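Heads up: the structure comes next, in structure tokens.
Each value in this text was obtained by applying a stated rule to the coordinates, not by laboratory testing. None of these values were measured; they are calculated from a predicted model. Here the Cβ positions follow ideal geometry from the backbone for every residue, glycine too, while neighbour counts run over all protein chains shown.
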Amino acid sequence: MPSADAAAAARVDLADLGLDEGGHLLLDRALAGLAPGRRLTVTGRHPALPIHLGAWCRSHGHRLIAGQPAADPSLAAGALVVEKGGSGERRWTGAARAGSAAGPPDARADARWGLAARGALVEAGGPPIGAQWSEREHVWADIAPKLYAAAAAAQWDPATAVDWAAPIDAVPPEIERAIVQIMTYLVENEQAALIIPARLLSQLHPHYREVMQLLATQAADEARHVEVFTRRGLLSGGLLGTSSAGGRASLATLLNEPDFTTASFLLSVLGEGTFVDLLRFLHDHAPDQVTADVTRLAVRDEARHVAFGVAHTAHLAGSDPGYLGTLRRSVERRHAALQDTAGLNAEVFDSLVLLAAGSWAPAAIRRGWQAVRDLQARMDEGRRRRLAAIGFPDDEAAELSALHTRNFM
Ligand SMILES: [Fe+2]
Ligand SMILES: [Fe+2]
């Protein structure tokens with residue numbers, strides 16, 4: 001028999017609250033402290049309480065006993081008594097925590113955690129998540145939470161961050177055509193750069209929450225880049241430029257890269273790393289404010305994408321030095337697949353020269369040509385530096401940098 005205290009505690013008064021308006025919260029709260037088999041006396045004035053309570057008990061595995069409980073003569077005849085069932089407790093047997101909410105993510109994320117929040121108590125039996133990447137080493141970088149916070153704080157609005165009304169009339173028509181060609185090329189590269197993190201994100205176990213969030217901001221960044229480069233390309237009211245088969249073939253090899261880390265390496269370390277130099281070049285040679293604005297805004301975002309790619313790849317290579325061989329083979333494979341393609345759209349290359357030249361004067365073209373050669377040297381130097389940061393010896397870094405696609409991305 002329960003003690004006098006327990007018997008006194010095992011009562012709940014719903015007053016005029018019905019079970020169809022939240023009364024079950026009071027019942028659950030009162031039953032929570034009782035062991036299965038113990039009884040709870042329920043009082044209340046709602047006219048449908050006896051009927052609703054019977055239905056509620058059946059659906060929740062408890063038993064409704066009508067009548068005055070012998071243990072408590074103070075209650076009126078017909079008081080309702082609920083005997084607690086055991087199914088509520090059984091529901092949580094076999095439940096496990098999905099790692100720790102406050103701590104770092106687990107080395108391996110259980111598919112059975114599904115979409116549960118990291119650190120949640122997970123009821124057994126739900127649908128497993130079909131994520132392809134469930135191991136920390138294959139997706140993680142310690143800098144990911146910081147980079148996500150920086151990315152969230154640095155989101156900009158294309159409508160207001162760029163002064164779209166700034167004049168472009170002073171740009172000579174042929175330079176404007178070069179800008180339009182470059183913008184056309186940038187858009188297709190940005191589209192690839194959007195699809196890849198979105199694809200990685202869709203196959204990532206959500207236990208690695210910060211990486212998931214970071215990839216989402218990365219995709220959002222690329223969506224803005226697609227927008228502003230398209231808008232700049234159309235600003236002079238003409239048609240967009242050309243898209244070469246070789247350029248698209250180069251991007252297709254990125255889209256087809258199946259592994260998280262090699263995809264991140266080829267896209268972010270080598271491709272976006274190279275693009276950072278390209279965007280800075282475009283910013284420095286921009287003949288108008290809008291071109292200067294869109295390239296300045298994009299390069300800020302790209303720096304974060306590159307930082308994650310380098311940090312993640314270095315993280316994995318640090319824990320598994322043999323992985324450098326896998327990365328090396330991914331570069332060689334891509335190079336071999338593209339050997340018979342032109343790589344960069346020739347019209348893009350010529351547009352870069354003309355943009356840097358600023359005019360058709362032979363001496364200006366020579367300067368433009370040299371500026372693009374200098375750009376390519378800076379790109380190569382940047383790639384070698386990033387490859388060295390991941391762990392490649394200098395000679396191997398130089399070799400791999402030279403195998404990078406002519407398309408830059
Ligand atoms: Fe981008
Ligand atoms: Fe990017």
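The table below lists the values:
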item	result
The chain - percent relative contact order, Cα under 8 Å, separation 6 or more	14 percent
By average C-beta atoms within 10 angstrom, highest first, the peptides 281-293, 319-331	281-293, 319-331
In nm, spacing of pseudo-spin labels at Glu89 and Ala245 (7 Å Cα→C-beta vector)	7.3 nm
Gained length - Trp156 relative to Asp284, 0.36 nm times residue gap less alpha-carbon distance	44.0 nm
Mean shadow area of segment 225-323 over all directions, Cα convex hull, nm²	7.5 nm²
Segment 301-374, relative contact order [Cα under 8 Å, separation at least 6], %	16 percent
Check: the chain dipole with +1 on Lys, Arg Cβ and -1 on Asp, Glu Cβ, in debye	1080 debye
Formal net charge of residues neighbouring Ala388 (Cβ-Cβ distance under 10 Å; K, R +1; D, E -1)	+2
Separation between Cα centres of segment 85-116 and segment 339-387, rounded to whole Å	54 Å
Span-rule helices in the chain, defined as complete DSSP H runs reaching 20 Å or more along the axis (Cα) with Kyte mean at least -0.5	173-202, 209-233, 289-319
Added length on full extension, which subtracts the Cα-Cα distance from 0.36 nm per residue, Ile51 to Ala252	65.9 nm
